Amino acid sequence: MEKFNTITVIIGAGAVGLAIAREISQKNSEVIILEKEPKIGQITSSRNSGVIHAGIYYQPKSLKSKLCVEGNKLLYEYAKKFNVPHINTKKIIVANNDLQMHQVQRIKVQAETNGVENLEVIDEKQVNQLEPLIKSTGGLLVSSTGVIDQHTLMQSYLGEFENNGGMISYNSNVKKISIVKNKFEIEVVDNDNTSTLIVCDYLINAAGIFASDVANTIEDLDKKYVPKTYLAKGNYFSLNKKLPITHLIYPVPEKISLGIHLTLEIDHSIKFGPDAEWVNDPYDYSVDENLKSKFVNSINKYLPNITEDMLTPAYAGLRPITSKENRAKRDFTISTAEDHKIEKLINLYGIESPGLTSSLAIAKYVNDKI
């Protein structure tokens, strides 16, 4: 078995793994990313809305609220500096009745507690002036929301990482991780079933939906510190016609998800989603055509006259969730030696939305921990 030595190994080349690798490689070039897919960002990172979130929905003082608000600013700065396609579309959370308008007011208070700026409660007439096609009794205008080309973003992270001397190994499946003389020995198997041993000082598990599986291969890690990862599948449908809509449109949030919202692509085409359902298969990305009626019923609450024949299946994504409790209570878990008692090991669990927005802030947070 061939053997390699390095200082840091990062498992997972999604947006967060790449951002962490980029950050660490600025001070230490001996960094290797292990990615089991043949390309970067093939799982959760490329199968989401591509939204730059503001940080409004998350519990105050949670990692999500802190890292999303910080990450939002960092991401806009990064996108401008490195010419990553993005649009500051802004977002309107639309209410259908007076009860939902009270919810909008509560969302605004929580968002301001989180440090989100430039929020404005607007009435039915103001919504209509901004978006004449949208039906509502009012809503919340969120100025810092936008969309970004996540593929270009990840390529930029990767380019910087490689320019700093970092290396990435594709088709690399982690089979077993041992701790020998205070170093991590990672047995990696490629698609030809050839094994390689990689020895490193620092190990960062950013494997997304597979993070718990990877953590369970670490022999000396007490499994009580490894949460179960549940998979929430979200489906998206594209609208097969152009509409003059320039903002993202979100309904008032539901318990499991943010509801089926309207998102703009970089080319201003429109997609709807995601919905949310608990699934077990981490490889099923099919989109069920039968969901169209559910989508249309939800969409018509804020955008009338959309019919099933206007929707085309786009894609589905899977989000890693570590608790099936109320969506608002879920948080990122970044587990360090303070938690699991193993020095120089960091496991990231439940890095779902707003993981893309938070990626640069998560990277700084992790870098400060090693």
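The values are calculated or read from the model by the stated rules, or taken from the named source; none is laboratory data. Small disclaimer: the values here were computed from a predicted structure and weren't measured. So basically every Cβ, Gly included, is an ideal-geometry build from the backbone, and we count neighbours across all protein chains shown.
Residue-wise test of (1) closer than 16 Å to ASN171 by Cα; (2) touching a Cys at 6+ places or on another chain (Cβ under 7 Å); (3) not acidic (Asp, Glu).
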position: PHE4; (1), (2), (3): no, no, yes
position: THR8; (1), (2), (3): no, yes, yes
position: VAL16; (1), (2), (3): no, no, yes
position: SER29; (1), (2), (3): no, no, yes
position: LYS39; (1), (2), (3): yes, no, yes
position: GLN42; (1), (2), (3): yes, no, yes
position: ASN48; (1), (2), (3): no, no, yes
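The set of residues in region 349-365 that are crowded, with 24+ Cβ neighbours inside 10 Å, in a helix (DSSP H, G or I) and of a type in the set (A, V, I, L, M, F, W, C) comprises LEU356, LEU360, ILE362, ALA363. State whether the residues of region 297-317 include one that is assigned to a strand (DSSP E or B), of a type outside the set (Phe, Trp, Tyr) and not assigned by TED's automatic domain parsing to the domain that holds GLY234. No; the residues of region 297-317 include none that is assigned to a strand (DSSP E or B), of a type outside the set (Phe, Trp, Tyr) and not assigned by TED's automatic domain parsing to the domain that holds GLY234.
Hey, can you tell me all the residues within region 77-106 that are over 17 Å from LEU248 (Cα atoms) and touching a residue at least 24 places away in the same chain (Cβ under 8 Å)? The answer is TYR78, ALA79, PHE82, VAL84, ASN97, ASP98, GLN100, MET101, GLN103. Can you tell me which of (1) out of contact with any helix residue (DSSP H, G or I) (no Cβ under 9 Å at 6 or more places or on another chain); (2) buried (at least 19 other Cβ atoms within 10 Å of the Cβ) is the one TRP278 doesn't meet? It is condition (2) that TRP278 fails. In region 135-158, the qualifying residues are those that are more than 25 Å from TYR76 (Cβ to Cβ) and of a type outside the set (D, E, K, R), and the one that is surrounded by the fewest Cβ atoms within 10 Å (Cβ to Cβ) is THR137. Looking at VAL94, VAL31, just one residue is more than 20 Å from the chain's Cα centre (by Cα), assigned by TED's automatic domain parsing to the domain that holds ILE321, modelled with pLDDT of 95 or more and of a type in the set (Val, Ile, Thr), and that residue is VAL94. Pick from region 83-97 the residues that are touching a Phe, Trp or Tyr at 6+ places or on another chain (Cβ under 9 Å) and surrounded by fewer than 18 Cβ atoms within 10 Å (Cβ to Cβ): which of them is farthest from ILE260 (Cα to Cα)? The residue in question is ASN88. Residues in region 318-346 that are assigned to a loop (DSSP other than H, G, I, E, B) and of a type outside the set (Asp, Glu): 10 in all. For GLU325, indicate whether it is farther than 30 Å from TYR76 by Cα, out of contact with any strand residue (DSSP E or B) (no Cβ under 8 Å at 6 or more places or on another chain) and modelled with pLDDT under 95. Criteria met by GLU325. When region 102-121 is filtered for residues that are in contact with an Asp or Glu (Cβ under 9 Å, 6 or more places away or on another chain) and closer than 12 Å to GLY139 by Cα, the ones remaining, listed by number, are LYS108, LEU119.
Among the residues of region 227-251, those that are crowded, with 21+ Cβ neighbours inside 10 Å and of a type in the set (A, V, I, L, M) comprise ALA232, LEU248, ILE249. Would you say GLN103 is under 23 Å from LEU262 (Cα atoms) and modelled with pLDDT under 95? Taking the combined requirement at face value, the residue satisfies it.
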